[in-house]
Amino acid sequence: MAPHWKCGSGQPVAGSNPALSATTPGALEAKPCVAGCAAPLTHIRVRSRRMLAGAFALAPFAPSRRLMPRLPEITPIEYGTFRFPDPALARRRGVVVGYAIRHRGGVFLFDTGLGFGNAELEETYHPEARRVEEALAGAGFAIDDVTAIANCHLHADHAGQNLAFPGVPIYVQAAEWELAHTTDHTILEWVDFPGATYLPLTGDHEPFDGFRIIATPGHTKGHQSLAVQTDHGLVVLAGQAVYTLDEWVGNADELEGRSGAPDRDAYDRSLERLRGLEPRHVYFGHDRRSWTRSGS
């Protein structure tokens with residue numbers, strides 16, 4: 001069974017920091033936070049989709065050293081490895097993979113990887129993590145190239161370095177945001193930080209032409225995946241909607257995500273929904289391997 005990246009430290013308590021609750025898409029209201037975060041109100045800025053679209057339309061993009069591809073180009077970004085706490089998986093070591101998508105508007109980053117400095121997480125998982133700056137540089141990107149982010153969910157191995165991106169819009173499902181701020185779901189100091197700019201979504205959303213964020217609940221209530229139309233066909237970044245290539249093709253071993261999902265029916269529906277897109281390629285959040293449709 002795949003691990004759930006939660007931390008028992010910092011039980012939710014009443015606090016003075018406001019969190020955000022989504023009402024209608026692009027509309028938010030402030031409410032008291034129960035996470036106990038001590039940062040002031042101004043540390044989180046959320047823009048409406050219309051405002052965000054305008055910002056992207058007007059902001060100049062400084063091209064990187066490479067020529068921009070005509071359509072999105074996807075590059076895996078390995079953030080590190082970890083030890084499974086389950087004794088049955090002691091002989092194996094997990095991997096955390098995000099993805100950088102270079103497109104006409106900049107670089108869209110799917111997940112930010114493992115965070116640093118939490119004693120409980122380090123004792124449980126013994127991670128060997130890479131700083132996001134280093135991981136991006138190793139793949140030919142600068143951290144300032146990143147113009148937008150989506151977290152597949154807010155567990156500490158997928159959103160652990162969000163705080164390296166103050167002011168950069170971060171797409172997240174509103175249901176996931178609520179989980180993070182009302183339950184023992186993640187490490188909040190890695191999610192709430194000065195300059196954090198979250199854009200909560202309710203369901204699917206198209207942030208740019210050729211990009212589609214797809215709600216895929218199951219592993220968590222607010223999990224999301226990403227579909228990108230490229231020169232090579234439709235590519236799906238599954239995140240943790242499905243744990244490995246083997247699980248995707250229906251041949252999972254002990255390293256799979258369904259048995260540990262809080263909602264197995266939703267997990268199954270989300271997996272079938274992604275398969276129904278008939279993608280040419282599929283990439284995963286915890287597998288270096290990718291899947292390519294036969295005959296492609």
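The values are calculated or read from the model by the stated rules, or taken from the named source; none is laboratory data. Not measured: the values here are computed from a predicted model. Cβ placement follows ideal geometry from the backbone for every residue including glycine, while neighbour counts extend to all protein chains displayed.
Brief remarks follow.
- Single unsatisfied condition, LEU67 versus (1) part of a helix (DSSP H, G or I); (2) over 23 Å from LEU201 (Cβ atoms); (3) at pLDDT below 90; (4) not acidic (Asp, Glu): (1)
Residue by residue, here is whether (1) in contact with a Gly (Cβ under 9 Å, 6 or more places away or on another chain); (2) at pLDDT below 95; (3) surrounded by fewer than 23 Cβ atoms within 10 Å (Cβ to Cβ) holds:
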site: ASP145; (1), (2), (3): yes, no, yes
site: PHE165; (1), (2), (3): yes, no, yes
site: GLU176; (1), (2), (3): yes, no, no
site: LEU179; (1), (2), (3): yes, no, yes
site: PRO194; (1), (2), (3): no, no, yes
site: HIS205; (1), (2), (3): no, no, yes
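- Qualifying positions in the range 106-121 - at pLDDT 95 or above and closer than 30 Å to GLY210 by Cβ: VAL107, PHE108, LEU109, PHE110, ASP111, THR112, GLY113, LEU114
- Under the condition of being modelled with pLDDT under 95, among the aliphatic types (A, V, I, L, M) and within 21 Å of ASN151 (Cα to Cα), the residues counted in the range 246-280 number 0.
- Only one entry of VAL107, VAL132, VAL172 meets the criterion of being surrounded by fewer than 24 Cβ atoms within 10 Å (Cβ to Cβ), of a type outside the set (Phe, Trp, Tyr) and in contact with a strand residue (DSSP E or B) (Cβ under 8 Å, 6 or more places away or on another chain), and that entry is VAL107.
- Matching entry among ALA129, ALA88 (being within 17 Å of the chain's Cα centre (by Cα), of a type in the set (A, V, I, L, M, F, W, C) and farther than 30 Å from GLU206 by Cα): ALA129
- Restricting TYR243, TYR283 to those that are modelled with pLDDT of 95 or more, aromatic (Phe, Trp, Tyr) and not in a strand (DSSP E or B) reduces the list to TYR243.
- Taking the range 218-234 as the range and being of a type in the set (Gly, Ala, Ser) and in contact (Cβ under 8 Å) with a residue 60 or more places away in the chain as the test, the residues that pass are GLY222, SER225, GLY233.
- Matching option when the condition is closer than 20 Å to GLY222 by Cβ and over 13 Å from the mean Cα position of the chain (by Cα), among ALA174, ALA135, ALA164, ALA150: ALA174
- The range 70-91, residues that are surrounded by 16 or more Cβ atoms within 10 Å (Cβ to Cβ) and at pLDDT below 85: none
- Candidates ARG258, ARG288, ARG264, ARG269, filtered to the one that is surrounded by fewer than 15 Cβ atoms within 10 Å (Cβ to Cβ) and touching a helix residue (DSSP H, G or I) at 6+ places or on another chain (Cβ under 8 Å): ARG264
- Taken together, ALA227, ALA159, ALA238 contain a single residue that is of a type outside the set (D, E, K, R) and surrounded by fewer than 21 Cβ atoms within 10 Å (Cβ to Cβ), which is ALA227.
- As a summary of the residue check, THR186 satisfies the conditions (1) surrounded by 19 or more Cβ atoms within 10 Å (Cβ to Cβ); (2) out of contact with any strand residue (DSSP E or B) (no Cβ under 6 Å at 6 or more places or on another chain); (3) not in a loop (DSSP other than H, G, I, E, B) except for the one numbered (3).
- Cβ-Cβ under 7 Å pairs, at least 6 apart or on other chains, the range 235-247 side more than 13 Å from SER290 (Cβ to Cβ), far side hydroxyl-bearing (Ser, Thr, Tyr): GLY239/SER225; ALA241/THR216; ALA241/SER225; ALA241/SER270
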